[in-house]
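Data first, discussion second: the structure below is written as structure tokens.
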Amino acid sequence: MLGNPLATDIHRVFERDIVKTCSELNTYVAGQNSKDKILRFRRTERFVSSINDFFAATGQNMFVIAPLEVDEKKLLNFALQLSGYIRDAQTALDKLPDFYAHDKDLVTLYHAAANYTVACSGRVNGNKYNFEHHKDYCLWHIDNPQNLAESSFSPVDTPLDANRHTLILSMPFHIKPTQEELQKWTYEYMHDTFSSSVYGKDIDVYVAHFPIEQPRGEKFALTLKTIKNGDDYYEPMDLRLVRYYFQDFIADNLEVDKQGQVVRAEAYSSEKLAHNFRNLTIFGYCSGTAHAHRWVNALHSIGSQIYDRSTLEPAMKNIFVASYAFLPFKENNLYSGTHFMSNYLDDTAQKEPFIKMFNPEMYEKVKYKGEPGRARITVMPDGRNFIIANALPNDLIIVDRQQRLKRISNQENGHHIAFLTTPNLATDNNFMPQMFANVLENAASGHRGQAIFAPNHLQNPDAVLQNAALFGRRQAYRN
């Protein structure tokens, strides 16, 4: 879209890292035969052409470069780090409206980056990445959520039990399917959030993620399309997850074809359907929340073929989506939820990058602005979704898996999830991790509405009082 401020930073980085490093020396690659050279020329030419198309559409000048003179390692890094260049463009983010954030030309560029990384798989010397399009989610049962650092993770090969309280962690990480990697990254994100005895006993906990082979550009394109397309958008991999794992939540003896059409189903009573959906809670971090939104869309699409609106819509409100670093981008959502974020009081040049990148206008309306208690609750117009914006401390020091002190150096202006999921030794006020653990346990136990804020699991009397005061000062979204 003409005038997109993000294009200026992308253009600057492309010129610096790609155009100015082009050289005839790059045309020679040891061991490369003529077929490999043709393939290299084609994939590089195709990606550079897509980049130039983006520049032309956004009003930037295009570059004339010889495909074989491009340093392909640098071009591959450009494709992989595209979202990072936008993340770091604080000046552009400061003046970014929604219509530029969700620019179709930006989505096209992300797709082109994904296509290029897939085309490079196994063909660039020194490149360790192998990417594939349209990968399915990996879903694991966390066997001992109270001890994530040492828990085993079991692959899930049967539909989830709709009669059990179910919490699914929708994570943005792309990892290898090994116990070591699952332990490392699930603990890295969630820490000791599940120390309560209810997890694993009364609440089944799962983690879902894309495999390491999914291209980053594809993930970010999916996220922007999710935000742009509302309640009817989901992808085939979302449908495959829902039609198999969520089937018992929706109907008895449910069978859905590959196109999402119901082949057979025995409808539940309205009471049973509402009860089942009350058992379903999802926590999403960053783009993992966009995955969760698409799952709910797919579930709604299937359910609308079985139930009338008077039965389905009230039941859908019982599904709960909690999140960090991703706002609910709609004023009225199918589900209920609580969405946490952190920002500096003075964020002029230090905005939380991914929320501002994905939902720039909502970010400005709901961010922390100096309210008492160092936090702010905003109630969305649907009355069922709450945004909790936390005042961001200047430092983040945590205890790691080996019980050592660890300073988080790359805090990304509040995007780092440790601000939410573990005590910060650099501050004397750790209310937000306590509140998050309390809200998530309430929600995963089946509570909905204002009951998710009940201080059932807050041990510190000061935290109980702060929780009550914060909820008492909640604000409407339009204020």
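The values are calculated or read from the model by the stated rules, or taken from the named source; none is laboratory data. Everything quoted here is computed from the prediction, not taken from an experiment. Because the Cβ atoms are built from the backbone with ideal geometry, glycine has one as well, and the counts that use them run over all protein chains shown. In case anyone asks, the SASA skips ligands and DNA or RNA and just uses the protein heavy atoms, side chains included. Shrake-Rupley method; radii C 1.70, N 1.55, O 1.52, S 1.80 Å.
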Give the residue from Leu345, Ile306, His275 lying farthest towards the positive end of the charge dipole for the range 238-346; charges sit on Cβ (+1 for Lys and Arg, -1 for Asp and Glu) and the dipole is referred to the Cα centre.
Leu345
Straight-line reach from Lys201: which aspartates and glutamates have Cα under 19 Å away, leaving out those fewer than 8 places along the same chain?
Asp143, Glu150, Asp161, Asp192, Glu441
If you place +1 on the Cβ of every Lys and Arg and -1 on the Cβ of every Asp and Glu, how big does the dipole about the Cα centre of the range 40-183 come out, in debye to the nearest 20?
500
Cα centroid distance between the range 249-280 and the range 40-115, in Å?
42
Calculated FRET efficiency, Asp53 and Tyr244, Cβ-Cβ r, R0 51 Å, to nearest 0.05?
0.85
Cross-link pairs beyond the 30 Å C-alpha cut-off, checked among Lys228/Lys365; Lys258/Lys351; Lys228/Lys369:
Lys258/Lys351
Per-bin percent of Cα-Cα distances, the chain [10 Å]
4, 19, 28, 26, 15, 6, 1, 0
Lys and Arg at +1, Asp and Glu at -1: add these up for the other residues within a Cβ distance under 10 Å of Thr421 and post the number.
-2
Exceeding the 31 Å Cα-Cα cut-off - candidates Lys74/Lys135; Lys37/Lys225; Lys35/Lys184
Lys37/Lys225; Lys35/Lys184
If I ignore ligands, DNA and RNA and count only protein heavy atoms, how much of Arg16 is accessible to a 1.4 Å probe, in Å² to the nearest 10?
120
Report, in debye and to the nearest 20, how large the dipole of the chain comes out about its Cα centre when Lys and Arg carry +1 and Asp and Glu carry -1 on their Cβ.
580
Between Gln32 and Lys128, how high is the FRET efficiency from 1/(1 + (r/R0)^6) when r is the Cβ-Cβ distance and R₀ = 22 Å? Nearest 0.05.
0.75
So how do 379-386, 406-413 stack up, highest first, on mean other-Cβ count within 10 Å?
379-386, 406-413
For the range 190-256, with +1 on Lys and Arg beta carbons and -1 on Asp and Glu, the positive-most of Gln214, Tyr234, Ser195 along the dipole:
Gln214
Stretchable slack from Thr178 to Lys20, in nm (0.36 nm times residue separation minus alpha-carbon distance):
52.8 nm
Cut-off 14 Å (backbone N to label point 7 Å along Cα→Cβ of Asn332), residues of the range 220-243:
231
When only the heavy atoms of the protein chains count and the probe is 1.4 Å, how do Val296, Val464 rank by accessible area, highest first?
Val464, Val296
Taking R0 as 35 Å, what FRET efficiency do you get between Gln261 and Ser154 from their Cβ-Cβ distance, rounded to the nearest 0.05?
0.65
So which aspartates and glutamates pass the test for Lys356, namely a Cα distance under 16 Å, with those fewer than 8 places away in the same chain ruled out?
Asp9, Asp88, Asp94, Asp98, Asp103, Asp346, Asp347, Glu364, Glu412
So, over other residues within a Cβ distance under 15 Å of Ile282, counting Lys, Arg +1 and Asp, Glu -1, the net charge is +3
Heavy-atom accessible area of Glu69, protein chains in place, probe 1.4 angstrom, given in Å² to nearest 10, is 50
Which distance in nm do the two modelled labels at Ser197 and Arg478 give, with both placed 7 Å along the Cα-to-Cβ direction?
4.8
Relative contact order %, the chain, counting alpha carbon pairs below 8 Å whose residues are six or more apart
13
Quote the charge dipole size of the range 217-329 about the Cα centre in Debye, to the nearest 20; the model charges only the Cβ of Lys and Arg (+1) and of Asp and Glu (-1).
300
Kindly sort Glu150, Glu218 by accessible area of their heavy atoms, largest first, with the probe set to 1.4 Å.
Glu150, Glu218
With the charge dipole of the range 52-155 built from beta-carbon charges (+1 for Lys and Arg, -1 for Asp and Glu) about the Cα centre, the Cα from Leu82, Ser121, Thr108 projecting farthest to the positive end belongs to Ser121
Straight-distance crosslink candidates among aspartates and glutamates, where the alpha carbon sits under 15 Å from Lys20 and sequence neighbours closer than 8 are dropped:
Glu69, Asp71, Glu72
Here the gain from full extension of Asn430 to Leu465, 0.36 nm per residue of separation minus their alpha-carbon distance, amounts to 11.2 nm
What fraction of the DSSP beta bridges in the chain is antiparallel, stated in percent and rounded to the nearest 5?
35
Once normalised by the length of the range 269-351, the mean sequence separation of its alpha carbon contacts under 8 Å that are 6 or more apart gives a contact order in percent of 32
Normalising by the residue count of the range 340-385, find the relative contact order in percent from Cα pairs under 8 Å and 6+ residues apart.
31
Cys286 accessible area, assembled protein chains, probe 1.4 Å, Å²:
10
Taking only protein heavy atoms into account and a 1.4 Å probe, give the accessible area per residue of the range 349-418 in Å².
38
Helix-only [θ] at 222 nm, the chain, -39500 (n - 2.57) per DSSP H run of 4+, per residue, nearest 500, equals -12000 deg cm²/dmol
